[in-house]
Amino acid sequence: MEELIKKAASDLKQASYVVALTGAGLSTESGIPDYRGPSGVWTKNPEAEKRAYRAFSLFQTDPRQYWEERLNNPGPLGDLNQYDPNEGHYALAEMEKMGILNCIITQNIDNLHLKAGSQKVLEYHGNGLKFRCPNCNTRYEQDEFDLKKMEKEKMLPPLCQRCQEPVKSDVVHFGEPIPVDVMQKSMEEVRKCDFMLICGTSAAVYPFASLPMEASDRKGVTIVEVNATPTPLTEEEISDYIIEGRTGDILPRIVEEVKSLK
């Protein structure tokens, strides 16, 4: 493993544009439960999974009921504000400050990259602490709407201040398209990179999984995984090599190795 960490640091140091893809494996190290594991939130609460699958269609047909359900049925992950970034998040933020990492594209909705100090983050599946207008993609902080008061006064759903269309959670629900602005920016970043660092995800969920494929189709792009176990990306040789282990252990070691190369 030590040789691979040194190799990753050397490859990072020589790269001109680096993009990191991150997934649930990074968040679980902060104590955020997964969804379908033995102790997953949907394994324990199948009804919550059913609500998740029908959330977007409910929003489309009855946005008022969508919000009433959300206000009376807390999200399966609970209050995302209770979770803190781990060493993996901080290592990526440090890479950005060092001028090595140019962008993070994350599947995670937990806000932890931003909380850790990363600045350039594309939240592919949205942010659980924000709201979004699907019509114009304007995003809002939670405190911009007093939802409890609106519910009491029968003023739900909240409306976009820009186009007056109903606003939903920023989280991308099942059956909902990835917001066009995020998808376009993500593809732009991937097409610029010559080094992709894949952290805590097998990238098996589409269309997110198309991003490593897009990078691998181009010559001169190095793709490195930091994952607990081999993934389809490893088996199909999409990635050049994998460093097996916890992201919170390996990423800080890569950072220290990069520093030693200066």
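Of the candidates Met213, Met196, Met183, which one comes out as most mobile in a Gaussian network treatment of the chain with C-alpha springs shorter than 10 Å?
Highest fluctuation among the options: Met213.
Over region 50-185, what is the relative contact order in whole percent, taking alpha-carbon pairs under 8 Å and six or more residues apart?
After rounding, I find 27 percent.
Rg/Rh for region 1-155: what does it come to with C-alpha atoms and Rh from Kirkwood?
Checking Rg against Rh, the ratio lands at 1.04.
Between Leu77, Ser239, Pro158, whose Cα lies farthest towards the positive end of the dipole of the chain when Lys and Arg beta carbons carry +1 and Asp and Glu beta carbons carry -1, centred on the Cα centre?
Pro158
Tell me the angle of helix 2-14 to the major Cα principal axis of the chain, expressed in degrees between 0 and 90 and rounded to the nearest ten.
Between the helix axis and the principal axis of the chain, the angle is about 80 degrees.
Compute the angle between helix 180-192 and the longest alpha-carbon principal axis of the chain, please, reported from 0 to 90 degrees and rounded to the nearest 10.
On a 0 to 90 degree scale, this one is about 0.
Please give the helix 63-72 orientation as an angle from the longest Cα principal axis of the chain, in degrees from 0 to 90, rounded to the nearest 10.
Helix 63-72 and the main axis of the chain meet at about 70 degrees.
Helix-derived [θ] at 222 nm for the chain: sum -39500 (n - 2.57) over DSSP H runs of at least 4, divide by residue count, nearest 500?
Here the helix-only value at 222 nm equals -11500 deg cm²/dmol.
Quick one: 3J(HN,Hα) in Hz for region 213-230, Karplus 6.51/-1.76/1.60 with θ = phi - 60°, rounded, Gly and Pro as x.
5, 4, 5, 5, 6, 9, 6, x, 9, 9, 10, 10, 9, 10, 9, 5, 9, x
Hey, which of these cross-link pairs are over 21 Å Cα-Cα: Lys148/Lys168; Lys120/Lys148; Lys6/Lys115? If you can, show how the numbers build up before the last one.
Details: Lys148/Lys168 15 Å; Lys120/Lys148 32 Å; Lys6/Lys115 28 Å.
Over 21 Å Cα-Cα: Lys120/Lys148; Lys6/Lys115.
What does the charge dipole of region 1-153 about its Cα centre add up to, to the nearest 20 debye, if the Cβ of each Lys and Arg holds +1 and the Cβ of each Asp and Glu holds -1?
Dipole of region 1-153, to the nearest 20 debye: 320 debye.
When the Karplus curve 6.51 cos²θ - 1.76 cosθ + 1.60 is applied with θ = phi - 60°, which whole-Hz ³J(HN,Hα) does each residue of region 133-148 get, with x for Gly and Pro?
3J(HN,Hα) across region 133-148, in whole Hz: 8, x, 6, 10, 6, 5, 10, 9, 6, 4, 6, 7, 10, 8, 5, 5.
Among Val226, Val205, Val190, which one shows the biggest mean-square fluctuation in a GNM of the chain, springs joining Cα atoms closer than 10 Å?
Between Val226, Val205, Val190, it is Val205 that shows the largest mean-square fluctuation.
What aspartates and glutamates sit close enough to Lys259 to cross-link, taking a C-alpha to C-alpha distance under 12 Å and skipping anything fewer than 8 places away on the same chain?
Once the sequence-local aspartates and glutamates are set aside, what remains near Lys259 is Glu94.
Using Cβ counts within 10 Å as a stand-in for footprinting exposure, how do Met150, Met98 rank, fewest first?
Taking fewest neighbouring Cβ atoms as first place, the list is Met98, Met150.
Tell me, what HN-Hα J-couplings in whole Hz come from the Karplus equation 6.51 cos²θ - 1.76 cosθ + 1.60 at θ = phi - 60° for each residue of region 239-256, using x for Gly and Pro?
Here the 3J(HN,Hα) series is 8, 6, 6, 10, 9, 7, x, 6, 4, x, 8, 7, 4, x, 5, 5, 4, 5 Hz.
What order do you get for Cys136, Cys193, Cys160 when you list them from fewest to most C-beta neighbours inside 10 Å? Working shown, then result.
Numbers: Cys136 13, Cys193 23, Cys160 20.
Exposure proxy ranking, most exposed first: Cys136, Cys160, Cys193.
In percent, how large is the relative contact order of the chain, given Cα pairs closer than 8 Å and 6 or more residues apart?
26
Could you tell me which of Leu58, Leu12, Thr28 has its Cα farthest along the dipole of region 1-150 towards the positive end, charges placed at Cβ (Lys, Arg +1; Asp, Glu -1), taken about the Cα centre?
The one lying farthest along the dipole's positive direction is Leu58.
If I build a Gaussian network model for the chain, linking alpha-carbon pairs within less than 10 angstrom, which residue out of Glu123, Glu29, Glu151 has the largest mean-square fluctuation?
Comparing Glu123, Glu29, Glu151 in a Gaussian network model of the chain, the most mobile one is Glu151.
No lab work stands behind these numbers, since they all come straight from the coordinates. Just so it is clear, the model here is predicted, and its values are computed rather than measured. Cβ sites come from the backbone with ideal geometry, for glycine too, and all protein chains shown count toward neighbours.
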